[in-house]
1. Return yes when Ile12 is at pLDDT below 95, in a loop (DSSP other than H, G, I, E, B), more than 15 Å from the chain's Cα centre (by Cα) and aliphatic (A, V, I, L, M) and no when it is not.
2. Would you check which residues across the stretch 15-49 are assigned to a loop (DSSP other than H, G, I, E, B) and of a type in the set (Gly, Ala, Ser) and list them?
Amino acid sequence: MSRAATGDVVAIQAENNVYTVLAIATVLVQIIGLILIYIRANAIGVSFF
């Protein structure tokens with residue numbers, strides 16, 4: 001949406017925002033946590049597969 005007085009459509013490129021960064025950081029923390037749980041479970045003899 002444009003606030004310009006003309007009837008022309010102004011295309012604005014999407015910007016990165018803080019929510020995108022937080023979502024990426026959250027996913028990375030979860031993946032690292034799952035890997036650590038898997039490694040520790042193997043260390044005490046629990047087998048998942």
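1. yes
2. Gly45, Ser47
The values are calculated or read from the model by the stated rules, or taken from the named source; none is laboratory data. Only a predicted model underlies this, so the values are computations on that prediction, with no experimental measurement involved.
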